[in-house]
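The values are calculated or read from the model by the stated rules, or taken from the named source; none is laboratory data. Being a predicted model, the structure only gives us computed values, none of them experimental. FYI the Cβ positions are ideal-geometry reconstructions off the backbone, even for glycines, and counts take in every protein chain you see.
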Amino acid sequence: MTTLAYTTSETYSNHVNRLIEVYENAINAISTNSCGPISHIESVLIHSGRAGHYFGDDRSIPFQAYGHFSHWLPVNQPDQFLHIRAGEKPTYFQIIPSDFWYEQSIDLPDWCAEQFQLVTLTAANQLPRHLQGKGIAYLGEQPGLGDSLGISADMLNPQPLLHYLDFNRAYKNEYELEQLRAANKLAMTGHSAARECFLKGGNEFQIHMAYLSACEILENECPYTNIVALDEKSAILHYQHKRRGSRADSRVLLIDAGCRVNGYGSDVTRTSVRPNVNSLFQQLLIKMEQLEKDLVGLVKPRMDYTELHSYTLRTIAELLVDLEICSGNATELLEREIPQLFMPHGVGHLLGVQVHDVGGHQSDQNGAILPPPPHSPALRNTRELRESMVFTIEPGFYFIPLLLEPERNGSRAELFNWSLIDELYSCGGIRVEDNICVTNTGAENLTRQFEVGSQIDLRKRN
Ligand code: GLY
Ligand code: MN
Ligand code: MN
């Protein structure tokens with residue numbers, strides 16, 4: 001995990017103090033709210049998680065710490081524990097096994113260490129003698145471990161506590177924004193290198209390596225599996241392969257790749273084309289880039305995120321008509337849910353220590369749910385926008401045979417310009433994705449401020 005030297009102890013100290021406040025408020029709200037039959041919570045023990053191994057082997061599965069742990073500490077190691085008690089400096093139980101097979105030491109920067117009472121142990125089973133009193137709630141992915149520590153069943157991942165914490169994780173403080181900006185800055189360095197590699201005729205494998213190398217990161221340090229898709233593969237939303245072999249005649253690159261800084265991830269997509277790409281696809285790319293910028297321009301406090309999604313579907317309906325990919329008018333296409341065949345995903349999601357961050361469907365901290373509209377079940381965020389909330393905006397437009405082919409002989413077949421669609425299948429698709437923070441009047445684009453050149457400029461250069 002990349003750790004930045006410039007992080008000030010002041011913003012991190014404010015972050016930890018804010019978290020202490022949120023946890024104390026959560027505990028108070030739950031005990032006065034009678035949200036369910038849970039015992040009174042006096043303290044919270046957060047577990048980073050357990051290392052997993054492939055079956056029958058001692059080879060470990062890449063580890064990613066539990067989100068509520070990463071929220072406190074930039075330590076991506078299994079079996080780390082944080083104990084939060086009202087009125088006390090939080091205790092970090094740093095478990096460092098005596099082990100000569102792997103490096104086990106943890107480099108904790110001073111600005112981080114000074115916020116905690118540090119207790120170093122060699123195994124998790126030494127924890128109980130340090131945990132006094134009842135009323136400990138366990139948060140983590142191994143409730144069985146909480147059980148073995150003597151924590152009662154109703155205090156293992158208590159839902160009311162998780163609802164409260166999940167909901168509030170959407171709002172970022174200055175420390176968190178510093179990490180998110182740094183994660184975007186690094187990713188944009190990688191995107192620039194990836195695009196250069198594509199324009200020189202690189203294949204998916206080479207473009208992927210160009211990205212990692214420019215960011216100086218290993219593959220398992222990425223916040224998610226890089227999507228590096230040339231031509232028709234860019235219509236596979238989470239395309240996972242990296243094809244080797246000559247791809248010098250490729251015309252479209254869709255790369256969705258982020259970076260992680262102190263646990264916070266960026267999630268950025270760029271689509272680039274060669275000058276000899278299908279001209280209609282090139283027009284579509286220009287329109288989609290404009291749509292993405294327009295969406296960012298609409299962001300303001302108090303609007304509903306679902307409005308951004310609706311605006312996207314309407315614009316796609318209009319593009320379908322304007323570019324003669326479909327007949328009819330935009331309203332009719334919307335009513336018949338045609339845009340969703342070209343953009344089957346939501347326009348974005350909350351972002352933070354997890355790339356698809358928690359709480360996107362919560363309408364309050366008590367756990368009330370605001371589901372996505374029936375016409376867009378994949379929409380991951382339905383929240384009302386508030387200052388300091390961070391999410392992605394990622395409109396897409398794809399020619400996906402799996403979704404379009406069944407329409408060829410269906411009741412909506414007459415709406416599609418099939419010869420054009422057949423031509424465009426080879427171009428795949430487009431996605432443009434930025435990371436956005438809501439300000440008191442609009443939006444800060446955490447991504448564009450670090451853009452190196454632009455796709456349009458590059459097209460002119462070639
Ligand atoms: N990188 C996955 C997504 O954009 O949601
Ligand atoms: Mn995303
Ligand atoms: Mn993405």
*asked:* Quick check on this structure: which one of Leu298, Leu199, Leu280, Leu291 is in contact (Cβ under 8 Å) with a residue 60 or more places away in the chain and either within 16 Å of ligand 2 (Cβ to nearest atom) or under 30 Å from Thr439 (Cα atoms) (or both)?
replied: Leu291
*Hey, Gln117 closer than 22 Å to Val22 by Cβ and over 26 Å from the mean Cα position of the chain (by Cα) or not*: yes
*From (1) touching a strand residue (DSSP E or B) at 6+ places or on another chain (Cβ under 7 Å); (2) within 21 Å of Ser234 (Cβ to Cβ); (3) of a type outside the set (Lys, Arg), pick out the condition that doesn't hold for Leu420.*
(1)
*Under the condition of being within 16 Å of ligand 2 (Cβ to nearest atom) and touching an Asp or Glu at 6+ places or on another chain (Cβ under 6 Å), which residue from the range 206-233 is nearest to Arg274 (Cα to Cα)?*
Val228
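Take the conditions surrounded by 17 or more Cβ atoms within 10 Å (Cβ to Cβ) and either more than 16 Å from ligand 3 (Cβ to nearest atom) or of a type in the set (Ser, Thr, Tyr) (or both) and apply them to Leu254. Does it pass? Before the answer, list the steps.
Details: surrounded by 17 or more Cβ atoms within 10 Å (Cβ to Cβ): yes; either more than 16 Å from ligand 3 (Cβ to nearest atom) or of a type in the set (Ser, Thr, Tyr) (or both): no.
Spelling it out, it is not the case that Leu254 is surrounded by 17 or more Cβ atoms within 10 Å (Cβ to Cβ) and either more than 16 Å from ligand 3 (Cβ to nearest atom) or of a type in the set (Ser, Thr, Tyr) (or both).
If we keep just the residues of the range 347-358 that are more than 9 Å from ligand 2 (Cβ to nearest atom) and part of a loop (DSSP other than H, G, I, E, B), which is farthest from Gly263 (Cα to Cα)?
Taking the range 347-358 and keeping what is more than 9 Å from ligand 2 (Cβ to nearest atom), we get 347, 350, 352-354, 357-358.
This time we only want the ones that are part of a loop (DSSP other than H, G, I, E, B), so: 347, 352-354, 357-358.
Values: Val347: 24, Gly352: 8, Val353: 6, Gln354: 8, Asp357: 12, Val358: 15 Å.
The qualifying residue farthest from Gly263 (Cα to Cα) is Val347.
Looking for whichever is crowded, with 19+ Cβ neighbours inside 10 Å and either polar (S, T, N, Q) or away from ligand 3 (no atom under 16 Å from the Cβ) (or both) here; the options are Asn381, Asn417. Which one fits? Reasoning before the result, please.
Details: Asn417 fails: crowded, with 19+ Cβ neighbours inside 10 Å.
Every option except Asn381 fails the conditions.
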*Please go through the range 384-412 and pick out each residue that is within 16 Å of ligand 3 (Cβ to nearest atom) and closer than 22 Å to Arg18 by Cα.*
Val390, Phe391
*Of Asn157, Asn184, Asn203, which residue is out of contact with any Asp or Glu (no Cβ under 6 Å at 6 or more places or on another chain) and closer than 24 Å to Tyr138 by Cα?*
Asn157
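Of all residues in the range 322-346 being aliphatic (A, V, I, L, M) and either surrounded by fewer than 17 Cβ atoms within 10 Å (Cβ to Cβ) or more than 14 Å from ligand 2 (Cβ to nearest atom) (or both), which is nearest to the chain's Cα centre (by Cα)?
Filtering the range 322-346 for residues aliphatic (A, V, I, L, M) gives 323, 325, 330, 333-334, 338, 341, 343.
The next check asks that each one be either surrounded by fewer than 17 Cβ atoms within 10 Å (Cβ to Cβ) or more than 14 Å from ligand 2 (Cβ to nearest atom) (or both); those that pass are 323, 325, 330, 333-334, 338, 341.
Working: Leu323: 32, Ile325: 32, Ala330: 31, Leu333: 30, Leu334: 28, Ile338: 27, Leu341: 23 Å.
Looking at the filtered set, the residue picked out is Leu341.
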*Of all residues in the range 413-460, count the ones that are of a type in the set (Gly, Ala, Ser), modelled with pLDDT of 95 or more and under 29 Å from Leu323 (Cα atoms).*
5
_Ala210 being assigned to a strand (DSSP E or B) and either touching a helix residue (DSSP H, G or I) at 6+ places or on another chain (Cβ under 9 Å) or basic (Lys, Arg) (or both)_ = no
*Pairs, please: C-beta under 7 Å, at least 6 apart or cross-chain, first residue closer than 23 Å to Ser48 by Cα and in the range 354-365, second among the aliphatic types (A, V, I, L, M) and within 16 Å of ligand 3 (Cβ to nearest atom)?*
Asp357/Leu350; Asp357/Leu351; Gly359/Leu350; Gly360/Leu350
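Go through Ser272, Ser250 for me and flag whichever is of a type in the set (Gly, Ala, Ser), in a strand (DSSP E or B) and more than 16 Å from ligand 2 (Cβ to nearest atom). Even if it seems obvious, please write down each step before you answer.
Details: Ser250 fails: in a strand (DSSP E or B).
Within the list Ser272, Ser250, the selection yields Ser272.
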*Which members of the range 43-58 meet the condition of being over 26 Å from the mean Cα position of the chain (by Cα) and either at pLDDT below 95 or buried (at least 23 other Cβ atoms within 10 Å of the Cβ) (or both)?*
Asp58
*Any chance the range 43-54 includes a residue that's part of a loop (DSSP other than H, G, I, E, B), touching a residue at least 40 places away in the same chain (Cβ under 8 Å) and touching a strand residue (DSSP E or B) at 6+ places or on another chain (Cβ under 8 Å)?*
yes
*Here are Ala137, Ala65: which of them is touching a residue at least 40 places away in the same chain (Cβ under 8 Å) and in contact with a helix residue (DSSP H, G or I) (Cβ under 6 Å, 6 or more places away or on another chain)?*
Ala137
*Identify all residues within the range 237-251 that are within 16 Å of ligand 3 (Cβ to nearest atom) and out of contact with any helix residue (DSSP H, G or I) (no Cβ under 7 Å at 6 or more places or on another chain); write none if there are none.*
Leu237, His238, Gln240
_Qualifying position, being within 16 Å of ligand 1 (Cβ to nearest atom), touching a Pro at 6+ places or on another chain (Cβ under 8 Å) and either free of Cβ contacts under 8 Å to residues at least 60 places away in the same chain or of a type in the set (Lys, Arg) (or both), among Arg260, Arg270_ = Arg260
_Step by step: first the residues of the range 266-281, then only those that are of a type outside the set (A, V, I, L, M, F, W, C) and within 16 Å of ligand 3 (Cβ to nearest atom), then the one that is nearest to Arg195 (Cα to Cα). Which residue is that?_
Ser272
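I'd like the full set of residues that are small (Gly, Ala, Ser) and within 25 Å of Asp58 (Cβ to Cβ), limited to the range 86-134. So that I can check it myself, show each step before the final result.
As a first pass, look at the range 86-134 and keep what is small (Gly, Ala, Ser): 86-87, 98, 105, 113, 123-124, 133.
Listed by number, the residues that qualify are Ser98, Ser105, Ala123, Ala124.
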